[in-house]
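Here it is, the structure, as structure tokens.
The values are calculated or read from the model by the stated rules, or taken from the named source; none is laboratory data. Since the structure is predicted, the reported quantities are computational estimates derived from the model, not experimental observations. Positions of Cβ are backbone-derived with ideal geometry, glycine not excepted, and every protein chain shown enters the neighbour counts. Only protein heavy atoms, including side chains, enter the accessible area calculation; ligands, DNA and RNA are left aside. Shrake-Rupley method; radii C 1.70, N 1.55, O 1.52, S 1.80 Å.
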Amino acid sequence: MKKLIDQISSVLAAGFQTAGYDPALGKAVVSNRPDLCQYQCNGAMAGAKQYHKAPFVIAEEVVKAIGDNPMFSKLEMVRPGYINLDLSPAFLASAMAELEADPMRGVERAEHPLSIVVDYGGPNVAKPLHVGHLRSAIIGESIKRTCRFLGHRVIGDAHLGDWGLQMGQIITELHERQPELPYFDPEFQGEYPAEAPFTISDLEEIYPASSKRCKEDEAYKKAAQTATYELQNGRRGYRALWKHIVDVSVADLKKNYSALNVDFDLWYGESNAQPDIPPMVEMMKEKGYAYLSDGALVVDVQEESDTREVPPCLILKSDGGAQYETTDLATIVQRQRDFQPDRMIYLADKRQELHYVRCFRCAYKTGLVDADKCSLEYVGFGTMNGKDGRPFKTREGGVLRLETLIRSVEDAVYEKVMSNGTISEEEGRDVAHKVGIAAIKYGDLSNQPAKDYIFDLDKFASFEGNTGPYIMYTMVRIKSILAKYRAAYPEAETGIILPPESRSETELALALCRFNEAVYEAYEQKAPNRLCRYVYDLTGALNQFYVEHNIMKEPDGVRQAGYIALITLVLHVLESAIDLLGFEAPERM
Ligand code: ARG
């Protein structure tokens, strides 16, 4: 379905043209006086100068030129020269019928599907997932789903941090604790065990222990650096150990992400990019982009229009070691080769912005990416803060584990769900999980990505206000009305949505027809908050409708069946919308 606003604009544009004016003046906007009309057009005001005519004269001529159009129930000139209009109930009814029949609910698939890589998540192997990675996962997943819904070919890549110093630290600590393991014996020629010599809980204890010792003990730190170096240069035993660390860690990450309804197509990591580094560096040197500065290999990326200093992109450190930038650049090489994407979208904390600016400039400058063929895009997100306005921490001041956060939200929801005493414990847990995830995700996504926000458990888990649980509650309420209706009228045939009569019915119809606009905007601006606002507006319109209409008590059977069809469509649209946000509603709560 074409966007409502575009459908109206094209009728207006034709009217302007017929009346002898520039059709570009025929642009509809949502009325800023909803008490007077639904949409308006200010084109006659804008055209007055150009045509040396009073705006109301132009507006009157245009209204006349459009004449009787079944799309509108009202189309009128209002002095000094506006065109005010309302859509007709019959038009809205047929638009809603179209939405109900369309599984995309009015959203049109992209005419030219693009190939898009979304790089999000970015968890670090062997370190537990913490709230710092939450926003990347939540926002990235929604952006990925929205791109995919529009018909683009999307690849979500976790881009694991699996190649840094933390790997050498863990190897060093394991060496201290279990020196007898074959991984440490340089003479060992046999097959290494298939089973990892540690569990995820071991790793979660080993990593912080080792990182603490690195800070205290210079020799230990050196050993960790050496181990990292040897690992990266192919020491066999270390590679085998590394593989265990990655496998154990990724299995655990998968569990955590799946609790969040987040899933990646690729679980590549920084390590996957390593083979592409040497030829890339060679190319940069050969073509004269990279030069030595204080022993390090760099590429200048400062541009004349910069108002701040953008330091050169660091390609290799003076010891020849690769950097965060180097790995991201080599990953671009790999993605270009494997997928030839039209777009690469990166999600990361906004404090990393300069890193991406430098990488992207370097990639364009050195020809890794042709700017006409592929755009590199960065979505920087703000920090999730605690109630004290500072980055979220545990009560003891440590990094809060994602699992702990999820559990605390679920527990809060569980209590509320169980308090009305109609649900079994088992169902209660399932409901609390779904509603808890909705609370966390909606609480996050309803903010603009770039903004910091305060994670307020009481607010996020509240069943009232602009929250995930409130949206869930609204959906569950629709399901319960539908069930009641079916129980009361088992023989009833499926009704059709009737032309709206009341004001609240009309507002609800308009809100339903605007789903596609919200999806396009969320896509174009990479802004899931736009979808959240839509969901909130739609649920608000529905609740207003309930205030005015008691569906179960409606005496006219046809009208009642029409209401049932109407709220069924609301449910369907909400289901599509929250799927794009990355959560789902329970049956009851
Ligand atoms: N592992 C990184 C971190 O924890 C995030 C990776 C983001 N993605 C990327 N392509 N650099 O900060």
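Tell me the per residue accessible area of segment 436-531 using a 1.4 Å probe; a whole number in Å² is fine.
Working: 4080 Å² over 96 residues.
On a per-residue basis, segment 436-531 sits at 43 Å².
Given contacts defined as C-alpha pairs under 8 Å and at least six residues apart, what's the relative contact order of segment 431-589, whole-number percent? Numbers along the way, then the final one.
Details: 167 pairs, mean separation 57.7, N = 159.
About 36 percent, as a whole number.
Report, in whole Å, the centroid distance computed from the Cα atoms of segment 1-38 and segment 279-317.
About 52 Å separates the Cα centre of segment 1-38 from the one of segment 279-317.
Calculate the dipole size of the chain relative to its Cα centre from +1 charges on Lys and Arg beta carbons and -1 charges on Asp and Glu beta carbons; express the result in debye to the nearest 20. Can you show the working numbers first?
Values: 66 positive and 86 negative charges, 224 e Å.
My answer is approximately 1080 debye.
A further question on this structure: Filter the cross-link list LYS127/LYS393; LYS287/LYS365; LYS144/LYS526; LYS255/LYS434; LYS2/LYS441; LYS484/LYS553 down to pairs whose alpha-carbon distance in this structure exceeds 18 Å. Write out the running numbers ahead of the final one.
Values: LYS127/LYS393 16 Å; LYS287/LYS365 11 Å; LYS144/LYS526 10 Å; LYS255/LYS434 16 Å; LYS2/LYS441 30 Å; LYS484/LYS553 12 Å.
Correct reply: LYS2/LYS441.
Nearest 0.05, what FRET efficiency do TYR324 and ASP430 give at R0 = 60 Å with Cβ-Cβ as r? Each step should come with its number before you reach the end.
On the way: r = 41 Å, r/R0 = 0.68.
Efficiency computed from Cβ-Cβ geometry: 0.90.
Residues with amide H under 5 Å of SER73's amide H, sequence separation 5 or more or different chain, H placed in the peptide plane at 1.01 Å from N; which?
Excluding prolines and chain starts, which carry no amide H, the hits are ASP86, LEU87, SER88.
How much of the DSSP bridge set in the chain is antiparallel, in percent, rounded to the nearest 5? Each step should come with its number before you reach the end.
Numbers: 23 of 44 bridges.
Looking only at bridges with both residues in the chain, the antiparallel portion is about 50 percent.
Which value, in Å², gives the accessible area per residue of segment 113-248 when a 1.4 Å probe is used on the protein heavy atoms?
Values: 5650 Å² over 136 residues.
So segment 113-248 comes to 42 Å² accessible per residue, rounded to a whole number.
OK, next. In the chain, what percent of the accessible surface is made up of carbon and sulfur (1.4 Å probe, ligands and nucleic acids excluded)? List each step's numbers first, then the result.
On the way: 13710 of 27080 Å².
Of all accessible area on the chain, carbon and sulfur atoms account for 51 percent.
Something else now. Which order do the peptides 289-295, 190-196 come out in when sorted by mean C-beta neighbours inside 10 angstrom, highest first?
Numbers: 289-295: 13.7, 190-196: 10.9.
Those peptides, ordered most packed to least, come out 289-295, 190-196.
How far is helix 277-286 tilted off the main Cα axis of the chain, in degrees rounded to 10, range 0 to 90?
Between the helix axis and the principal axis of the chain, the angle is about 90 degrees.
May I pose another question? Are there cysteines in the chain with no second cysteine's Cβ under 4.7 Å away, and if so, which?
Taking the Cβ cut-off of 4.7 Å, the unpaired cysteines of the chain are CYS37, CYS41, CYS147, CYS214, CYS359, CYS374, CYS513, CYS532.
Evaluate the relative contact order of segment 180-280 (contact order divided by residue number), counting alpha-carbon pairs under 8 angstrom at least 6 apart; express in whole percent.
Working: 38 pairs, mean separation 32.8, N = 101.
Taking the mean separation of contacting Cα pairs over the length of segment 180-280, I get 32 percent.
Now for a separate question. Report the full-extension gain for the segment VAL30 to TYR520: residue separation times 0.36 nm, less the Cα-Cα distance, to one decimal in nm. Each step should come with its number before you reach the end.
Numbers: separation 490, 0.36 × 490 = 176.40 nm, distance 1.67 nm.
Using 0.36 nm per residue and subtracting the Cα-Cα distance, I get 174.7 nm.
Would you calculate the separation in nanometres between label points at ASN550 and ALA90, each defined as 7 Å from the Cα along the Cα-to-beta-carbon direction?
3.4 nm
Which of rounded, prolate or oblate describes segment 1-135 when judged by the alpha-carbon gyration tensor and an a/c cut-off of 1.5?
On the way: a/c = 2.77, a/b = 2.18, b/c = 1.27.
Here segment 1-135 falls in the prolate category.
Whole Å is fine, so just give me how far the alpha carbon centre of segment 109-158 lies from that of segment 334-355.
11 Å
Then there's this: Grab the Cα-Cα distance for ASP456 and TYR291, subtract it from 0.36 nm times how many residues apart they are, and report the gain in nm with one decimal. Display every interim value, and only then the final one.
Values: separation 165, 0.36 × 165 = 59.40 nm, distance 4.95 nm.
Net length gain for the segment: 54.5 nm.
Hey, with R₀ at 41 Å, roughly what FRET efficiency would LYS484 and ARG351 work out to, going by the Cβ-Cβ distance, to 0.05?
0.20
Expected output is a single nm value to one decimal: the length gained when fully extending between ASP202 and VAL78, i.e. 0.36 nm times separation in residues minus the C-alpha distance. What is it? Numbers along the way, then the final one.
Working: separation 124, 0.36 × 124 = 44.64 nm, distance 7.39 nm.
Answer, rounded to one decimal: 37.3 nm.
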